[in-house]
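Taking it in order: structure first as structure tokens, then the write-up.
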Amino acid sequence: MPIQPVRLTCILLLLSVALIVSGCSELIPGLRVRDVGNGEHQYKIVTDQQHGGYTVAKAAPIPSYQVIPVGPEVLKSLAHEQQDGFSYNLPMVLPSDVPPEYKIGSGDILYVTVWDHPELSVPAAPTSDVSASIGSQSQAQFVQGRLVASDGTVFFPYVGVFKIAGMTAADSRQYLATHLQGVITNPQVDVRVLGYRSARVEVTGEVAKPGTINLDDTPKGIIQAINQSGGLTTTASRRRAILVRGGKTYQLDLAGLLSGDRPVGNPMLLPGDVLHIPDQSGDQVFVLGGVDKQQPVPIQQASMTLIQALTTAGGVNFSSGKQTGVLIFRMRQYGTEKPEAQVFTIDLANPQGILMASEFDLHARDVVYVPTTAFSQYNSIISQLLPTVTTIFEVNQLTKAL
């Protein structure tokens, strides 16, 4: 719907007066102006590429929001909400589980023993080309063992080339013993895996030694992978890990696994998985307004309460005696039926409010705002802040999707 000429003239006139008073010589792109009529529309100043200069265009409407005064029932309800969409239905590593038999794959190094026939037990040393291809770490193993080729085959004297990939050690023993019976009476054969190199997992992000780790005959979870990669860095997230498997992405509750505050299993890693440890930028809470230090505050391994965030930001400045409350903006997650934004309110003027603040757990990307005007005017504050909060949230969601 086009802007009415009279209304547009009024808006531009008001903008001109405001800018002249402030000493500005030109309009500021991105400046938002609210319609002083029914208050249902907002406008912004944008660059006019066609005619040059600037023009007035409609801005996105204020998102719908729900104001929720925090009390005991609200805290109880929030405690049962699952945060951040963590995946808990993946197979887990349990110490009591009996590991399945390992299946040999391409790149593994095998040692085959034929009792009373040592000439069949020790293969020749590799050539220089082969040594370079397998790496210095595995050369000692290769000298004592047999490398499974990329096509899953291996050569053994009197048996020839056969496909061993997919076999267990017991399967390969039986296969070799059967095919050696033509040259050896009652052959006694043993097969062991010296080097596990066929099943690999990539570990990236905030670990001391990012790279590839090999899975062996003992199941590994994300804890073992992080430990094998040198542990977490000082800037690593202590709350979440990201697992990419078969083209799907899973958010993992790393905080629950590390802290033990809640029963969380250790997800089992499978060949081809990519485990990514993000940094703390996605775990931040933004503390703004009447505090000594406006800043992002990262949530560490455990949860962070509102009181902890305010304390980290230097405490609340109530010097004027009017502002005694705190607003917490929380944008909805996509796919939910909640309003676009929830705004929780806590009045710190009474002991109950302080108690609620000490029990209110913040979520990542929450925006905590301490008003610098009377707390009773929070509706006006919300209307002013929500467009900015919405933009922050949408940029964060876009970043996650990339």
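List the residues, sorted by chain then number, that are 5 or more residues from Leu147 or on another chain and whose placed amide H is less than 5 Å from its amide H.
So Leu147 has HN proximity to Leu110.
For the charge dipole of the range 212-292, defined by +1 on Lys and Arg C-beta atoms and -1 on Asp and Glu C-beta atoms about the Cα centroid, which residue among Leu257, Gln224, Val274 has the Cα displaced farthest towards the positive pole?
Of Leu257, Gln224, Val274, it is Val274.
How would Glu119, Glu340 line up from fewest to most surrounding beta-carbon atoms within 10 angstrom?
Ascending number of Cβ neighbours within 10 Å: Glu119, Glu340.
Tell me, what is the FRET efficiency for Asp261 and Ser150 to the nearest 0.05, using R0 = 41 angstrom and their Cβ-Cβ distance as r?
With R0 = 41 Å, the Cβ-Cβ based efficiency is 0.35.
Bear in mind these aren't lab numbers, they're just calculated from the coordinates by the rules spelled out. Predicted model, so just to flag it, every value in this text is computed and none were measured. We place every Cβ from the backbone using ideal geometry, glycine too, and count neighbours over all the protein chains shown.
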